[in-house]
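Enquirer: Here you go, one structure.
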Amino acid sequence: MALQLPFKSGGSYTVNPSKIIALGLNYLEHIKESKMVDVQKLPQELPKEPILFAKTPNVLIAPDEPIILPTFVTEYGFRNCRTDYEAELAIIINKRCKNITADQAMAHILGFTCFNDVSQRNFQKHDKSGWFRGKSLDTFGPIGPVIVRPDEIGDPHALRICCRLNGRLVQDGNTAEMIFKIPETLAFISKHFTLEEGDIIVTGTPSGVGPITDGDVVEVEIEGIGTLRNPVRLGS
């Protein structure tokens, strides 16, 4: 789903990725809490290489658009039906690349922005095919509010990243805590998949993930970028 985001320095960009590739378990404290979150087959030790999963482009919504919790999920009769917020730093690719090195990676970044990796935990836990369905329901990828170019962001591994639920601070971390840093992550991904202009890489979430319900307001804030705000609504 294409949407327009402004650059922080002026102008705008049409976000219309061919793919969204996200990292799981890229913050140590989130690995420690993963048993509580109770998703499918998560290791408790440090991963030896980035753990990748896909989100489909239909997840994308702009700031202030609602995250829709589909009512059909309740038909499954889950004892605890749970959909979570996850505050993350996202990267937008600026040009086609394949088999790049870590030293080349930063030259392939158009900019950075906030992302909410909304996750339906029951599907994520029970689906035998993995995380696909639980991560790719419509509206499960708010993005924005602006794109910050690499020369404006400073050190992308020194940014405070937090989430507020109804004004209450629920996640408070720093991108310095990433297990796999941005250059090595992009090099690893490009070895497996050709990246196209506009593709989005989502770099993982710090600890503090939790459930959202109808009527909530979720805010993802990253230092140097701003605040991505989205209400939560029940829908079809």
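Enquirer: Need one number for the stretch 3-235: average projected area of the convex hull over its C-alpha atoms, nm². Intermediate results must be reported in sequence, preceding the final value.
Expert: On the way: hull surface 46.1 nm².
Computed as one quarter of the Cα hull surface, the answer is 11.5 nm².
Enquirer: What list of whole percents do you get for P(r) of the stretch 78-138, with Cα-Cα distances grouped in 10 Å bins up to the one holding the largest distance?
Expert: With a bin width of 10 Å, the distribution comes to 19, 33, 27, 18, 3.
Enquirer: Now, a different point. What angle, in degrees between 0 and 90 and rounded to the nearest 10, separates the Cα long axis of helix 28-37 from the longest principal axis of the Cα atoms of the chain?
Expert: For helix 28-37, the angle is close to 20 degrees.
Enquirer: Taking the simple approach of a point 7 Å from Cα along Cα-to-Cβ for both Ser236 and Asn99, what is their distance in nm?
Expert: 4.8 nm
Enquirer: Report, in listed order, any pair from Lys8/Lys191; Lys135/Lys181; Lys98/Lys125; Lys8/Lys48; Lys98/Lys181; Lys55/Lys181 with a Cα-Cα distance greater than 28 Å. The partial results should precede the final answer.
Expert: Values: Lys8/Lys191 31 Å; Lys135/Lys181 22 Å; Lys98/Lys125 32 Å; Lys8/Lys48 35 Å; Lys98/Lys181 18 Å; Lys55/Lys181 20 Å.
Checking Cα-Cα distances, Lys8/Lys191; Lys98/Lys125; Lys8/Lys48 exceed 28 Å.
Enquirer: Can you compute the label reach from Thr227? Point 7 Å from Cα along the Cβ direction, backbone N cut-off under 20 Å, restricted to the stretch 45-78.
Expert: 61-67
Enquirer: Sticking with this one: Extension gain His126-Arg149, at 0.36 nm per residue separation less the Cα-Cα distance, in nm? Provide the component values of the computation, followed by the final result.
Expert: Details: separation 23, 0.36 × 23 = 8.28 nm, distance 3.89 nm.
Contour length minus Cα-Cα distance gives 4.4 nm.
Enquirer: Compute the long axis of helix 182-192 from its Cα atoms, compare it with the longest principal axis of the Cα atoms of the chain, and write down the angle in degrees, 0 to 90, nearest 10.
Expert: 80 degrees
Just so you know, all these numbers are worked out from the coordinates, no wet-lab data involved. What you see is a predicted model, and the numbers here were worked out from it, not measured in a lab. As a convention, Cβ positions derive from the backbone with ideal geometry for all residues, glycine included, and neighbour counts pool all protein chains shown.
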